[in-house]
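So the structure is just underneath, and the comments pick up after that.
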Amino acid sequence: MERRTLIKGMAAAIPSFWLSRALGSHYIFSEQHLGESIAKGPFKPTWDSLQNYQTPEWYRNAKFGMWAHWGPQCQPEAGDWYARGMYLEGSRQYKYHLQKYGHPSKFGFKDVIHEWKAEKWDPEELVALYKSVGAQYFVAMANHHDNFDLYNSKYQKNWNATKIGPQKDLIGGWAKAAKKQGLPFGVSIHASHAWSWYEVAQRSDKSGPYAGVPYDGNLTKADGKGTWWEGLDPQELYAQNHPLSENSHDNGRIHKQWNWGNGVAQPTKAYIEKFFNRTIDLINQYEPDLLYFDDSQLPMWPVSDAGLRIAAHLYNKSIKDYGQLRAVINGKILDEDQRKAMVWDIERGQSNNIEPLPWQTDTCIGGWHYERGIYDRNGYKSAKTVIQTLVDVVSKNGNLLLNIPVRGDGSIDEKERKIVEEIGRWINANSESVFGTRPWKIFGEGPAQQAAAALTAQGFNEGKGKPFTSEDIRFVTKGEALYATALGWPENGKLLIKTLAKGSANYPQEITRVEWVANKQQLSFERTGDGLVVSLPDIKPEDSFANVVKIV
């Protein structure tokens, strides 16, 4: 025992990583580390090696996934980034926290976690619901920037959902439910940025009765005597035993430092390796088919190759387990080469072109974390908006990952459920025009695209263009069929598809049949020099915001 301890101590003293070479703007790291190791296989932890990745067919065919972006920040029902906003003096969430819980020097986010019980959580019912409305894969949040693991975490062993709060293995429950429904299972991982994101917990009020009293992000294990958290170290959660980043008191600075640049406090080797080990442990325990990283490129890049090692491990493990590569990794703000190594994710937005490689948009019908105010003001996205987004995204070679905010107790509210069911009604009637399709020669026609907004940072261009109308049509193909979806109902009941005009270079062959996809009804049509004119059904359908015809 003494010899092993000595060897372990000597190994810990070895520098964790060093720069071995630079290639353009890409840094390649060589690393020695303890703990989890990466699976052996063809993929190495370098961008060059990972660019041999090929997106699996199951994911390309899936098109539509559902996401439970759910954790302890849903407990207050006060919106996204609550565990940061509650420490921003004077902010809406800070004021809410004072009223509901008390001052953050006395009742911090660790205490919010303690109150969270998830008493109405029924993963089998929710995943079955999502499968019934057309979801082809399911993703659950494994941790957020709040640094709290929602599974039986070997490396975040004290601050995880099996020990504090619900005292349940949430990822285990979601994974079991997804497997029961035959759905590929994914996890989203956001915790790499807790290092700087939580810096606000080191602050204190500048005015008022608590001016100068430090928030609980400064607490240590020794401060817990006589409290519910006696014996626990808050620094294992908050990770704030470090100097502040440059301009840390500028609340918006975090966004400019997301890529571990622009003066951010550099994470320690121990912090990086703990994140690496937590993530490998998560993969090995729950065997997800998909990892979603809320990072620029991969976690810790470019200050460490930890994210590259995680990616290589997942890909190699997938090949070992299945005999082929089934795994998917989503990451943001990727250059063209990085998009070859993983699947590009666009947050709350979509590409304006057919992308040569599969991609994904992730969006939500409300806030990322549950917010009661959105419910109260009927602020959820409609089924119409979701379906029109899905049709547009699929026409451009993308998938849609949709979050339905989950309440702190583990349930979704009745307004959300109604929207989910409305989404399902359209998808189940028109599924053949979505699943297993591929982009056509062009993605569509119509005025909305002419006013489309450009992407900003990781996305954020949804809802910024013109509303869709019946003139906005999106195309996809499957086999010999061409599917055209009009994103509105023409007033005269005649759908004009200009791209399919007589003599069209994009569709020179004859058109023999046009079918209303929802009920297989054959429709009368005429092909003129102005376009293909299709007479739609006499009765306008309830879901007239997306009208699909099959052309052969």
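Computed from the coordinates by the stated procedures, all read-outs in this text should not be read as laboratory data. Treat the numbers as computed from the prediction; the structure is a model and nothing was measured. Glycine also receives a Cβ, built like all others from the backbone with ideal geometry; neighbour counts cover every protein chain displayed.
Overview of results
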item	result
Gained length - K44 relative to V552, 0.36 nm times residue gap less alpha-carbon distance	178.3 nm
Pair Q521, K494: separation of 7 Å Cα→Cβ label points (nm)	1.9
Relative contact order %, segment 440-551, counting alpha carbon pairs below 8 Å whose residues are six or more apart	26
Unit charges on C-beta of K, R, D, E only; dipole of the chain, Debye	600
Gain upon complete extension [R425, L244; 0.36 nm per residue less C-alpha separation]	60.1 nm
Residues R84, R474, R278, sorted so that the one with the fewest Cβ neighbours within 10 Å comes first	R84, R278, R474
Option label - Cα extents along the principal axes in Å computed here, alternatives [x] 88, 86, 36; [y] 128, 67, 41; [z] 83, 53, 43	[z]
Fewest-first sequence of I171, I412, I539 by Cβ atoms within 10 Å of each Cβ	I539, I412, I171
Contact order relative to length of segment 2-347, as percent, for alpha carbon pairs under 8 angstrom and 6 or more apart	22
I442-T512 pseudo-label distance in nm [points 7 Å out on the Cα-to-Cβ vector]	2.6
Segment 75-119-segment 127-173 distance, computed between alpha-carbon centres (Å)	20
Cα gyration tensor shape for segment 440-551, rounded if a/c is under 1.5, else prolate or oblate	prolate
Fewest-first sequence of C74, C364 by Cβ atoms within 10 Å of each Cβ	C364, C74
Stretchable slack from R377 to K100, in nm (0.36 nm times residue separation minus alpha-carbon distance)	97.7 nm
Dipole magnitude (debye, nearest 20) for segment 440-551, charges at Cβ of Lys, Arg, Asp, Glu	240
